[in-house]
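Presented below is the structure to which this report refers.
The values are calculated or read from the model by the stated rules, or taken from the named source; none is laboratory data. Keep in mind that what you see is a predicted model, and the values were worked out from it rather than measured. Here the Cβ is made from the backbone with ideal geometry for all residues, glycine too, and neighbour counts use every protein chain on show.
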Amino acid sequence: MKKLRPWVFFPPFLLLVSAIAANFLGSRTITTSDVNVKTLPSLAAKLQEPTDGVSTYVHGRLSEETLDALANYSESKPEALQEALARDLDKIIKGPLIYDAQRFEGVELKEETKRLLKENPEGKARGRLNKLLLLDAYPKGIWQSPFLRVVNGFYHWTTRNLGWLVSLSALMLVVTCLLIYVSPFGRVVIGGPQAKPMLTKWQLFAIVLTINIAMGILFWGPVEPLYYFRSPPASMKIEPNSPESATFAMSTVLLHWTWTPYVFSSVIGLMFAFAFYNMKRPFTLGAPLAPLLGRHSVGAGGQVIDGLCLYALVLGMGAALGGAMMVMGGGVNHVLGISGPPSKMTMGLIVLAILATAIISAVSGVKKGILLIAKVNTGFLAGFLIFVFLFGPTRFILSFATEGLGELLDHYFGKLLFTGAVSQDPWPQKWTQMQFSGWLAWAPIMGVFLGRISYGQTVRTFLIFNILLPGLFTGMWMAVLCGTSIHLEMFENAGLLAALDTNGVEGVLYAFMEHFPLIGIMVPIFLFTAFMSFVSTADSNLSAMSGISSSGISPESPEASTVIKIAWGATLGAVAWILTSSAHLEGVRMLSSLGGLPGLFLCWGTAVCAILVMMNPSRFDTFKDGYDREGRPVGRKREDAPTTGRDLNAE
């Protein structure tokens, strides 16, 4: 009988607390809570008679109302000055960059502030830098909670001290997957030599492709190369907005979106599948560690692993869902001709629609709702890609992608392991290591679902369909959109960088599409594709999360109860709504990156287990008839087995 594990209530509680905190972590505004009654006297004293450069600058930009409130300030009645000062300071941080070396002389800047200064940010990121500058200038005048300081400090400690481990982990897992593929272990059938595949090859490809990418390639496709084109690593001495920076952008995009990041979830998924189906271990994230930890991989230790990974995933899902709401909300406004950012009600309706569809799909099971949505989404993704390729600068895309691929192959190891240590360049922490940390946050739960649907496939087939083929598709996607975006900016003066600074990421997406024919049809199709893309990821993750949260899951009955799936869907919606109610996603990405830590260490442990199994799979496999007398895998016993077998999703 399937029951909810009691400890499952603890991660959602932490998630909601973290989501609330993330609003403030990513906030680029000053509110009355920042200028409160405890900090106001110190700030007022500096501004009433300014003697330093920052106070003189701020004083000169205060409104008449604020200056009157400052002159009549009394600690017994602080409300008038508190509200007026918060309003004016908020306008200052949303304006031009306030930093000037002479103005900030004598101000001790924190490491994060120095890092952002080196990046010379624009748009919303500049507002965050301005707030950090004011926090450094008035450490006793503008309040920041100890909790936020601790989380912020821990985040920057991990990026500075563990970023190298993220890069090294990617390389280690790539090598591990290659070794497994060429080893005899590659012939082992998941579920035993007589197991019938749960899905056909096409069904497997459609599901794996769509659940892995979420909205990533839609959200970042035209945008990510623009960041690299304008701001390449300072230590590489590449001139911004140059042909050299364009080639760097293409090669880096291919590094981030081809085969390398897929190894994170694939190693965990492969070992989960082998442990669950072949070793008969419980449906937990501790199962992949069974070859190393034995019975200690379940029980209290397994529950801790499950709880941490669930926490990390929902943070990542909350951030991604927040991005989906912003992009789709901007698209709805574009279609309806509404100016400005999407309203809270619009974003609320979007998240309700996404999660309601995802819950219905997850409840229906893998071979019904999830498969149907994946197939539809794959068709729309392929259609959108072909449309951009044919109506975009086709010849330039082919030539540019070839050049970028050559650059990647020529410098693959250098780009993958670039840490900026000697030059003190923060670029890899901000981009490559951050990208891979995001994949790591998703890897554990995504691996559970990938492992679950791999029943009846060989280990080699698993690696082909989870690394090679999806990496090939996303590589083509990013090459086409990156090539088009760079061509528009370099040769057609499309103003995509200006749109990025003015309207953010969502502004670039629709500015990009305005340069194609049939814009009236293309935008609604893009919105539908974006909607289906996120639903594809959400429903598979809801299915895996619910299974991890339940007892009694088995190969014969792999679906959790409907109530648990609805509960997780509601949790995702609550987290995303809290995050996007103020549209502050920078803090969410920070917490999501921290969520990559459990995945990082789980990947290392799982890789060790994979190597142990690879060396002697018959030692761990309960299906002894799948090996010859020397313990070598013999592969599938029934080569004529049909491509679809009994429905393992039947309740």
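Of the helices (runs of 4 or more DSSP H) lying entirely inside region 360-444, those carrying at least 1 residues that are under 21 Å from MET476 (Cβ atoms) are 371-391, 394-410, 412-416. Against the condition modelled with pLDDT of 95 or more, surrounded by 20 or more Cβ atoms within 10 Å (Cβ to Cβ) and either closer than 20 Å to ALA607 by Cα or assigned by TED's automatic domain parsing to the domain that holds SER266 (or both), how does GLN457 come out, does it pass? Against the criterion (modelled with pLDDT of 95 or more, surrounded by 20 or more Cβ atoms within 10 Å (Cβ to Cβ) and either closer than 20 Å to ALA607 by Cα or assigned by TED's automatic domain parsing to the domain that holds SER266 (or both)), GLN457 qualifies. The residues of region 367-400 that are β-branched (Val, Ile, Thr) and either more than 14 Å from THR210 (Cα to Cα) or out of contact with any Leu (no Cβ under 8 Å at 6 or more places or on another chain) (or both), listed by number, are ILE370, ILE373, VAL376, ILE386, VAL388, THR394, ILE397.
Restricting the search to helices (runs of 4 or more DSSP H) fully inside region 198-271 and requiring at least 1 residues that are closer than 25 Å to GLY495 by Cβ gives 216-220, 224-230, 243-257. Right, ALA170: over 25 Å from LEU116 (Cα atoms), part of a helix (DSSP H, G or I) and under 27 Å from the mean Cα position of the chain (by Cα) or not? Answer is yes for this residue. Taken over region 492-518, the criterion of being in contact (Cβ under 8 Å) with a residue 40 or more places away in the chain and either β-branched (Val, Ile, Thr) or closer than 23 Å to SER242 by Cβ (or both) is satisfied by LEU496, LEU497, LEU500, ASP501, THR502, VAL505, VAL508, PHE512.
Per this entry, GLY520 is not counted among residues that are modelled with pLDDT of 90 or more and in a helix (DSSP H, G or I).
Here SER485 passes the criteria (1) surrounded by fewer than 24 Cβ atoms within 10 Å (Cβ to Cβ); (2) farther than 27 Å from SER364 by Cα except the one numbered (1). Screening the candidates GLY383, GLY420, GLY392 for the property of being touching a Gly at 6+ places or on another chain (Cβ under 9 Å), assigned by TED's automatic domain parsing to the domain that holds VAL263 and closer than 25 Å to LEU509 by Cβ yields one hit, GLY392. Residues in region 123-137 include at least one that is in a loop (DSSP other than H, G, I, E, B), outside the structural domain of PRO233 (by TED's automatic domain parsing) and modelled with pLDDT under 85.
Taken as a whole, region 495-516 holds no residue that is at pLDDT 85 or above, on the phi > 0 side of the Ramachandran plot, out of contact with any helix residue (DSSP H, G or I) (no Cβ under 7 Å at 6 or more places or on another chain) and not small (Gly, Ala, Ser).
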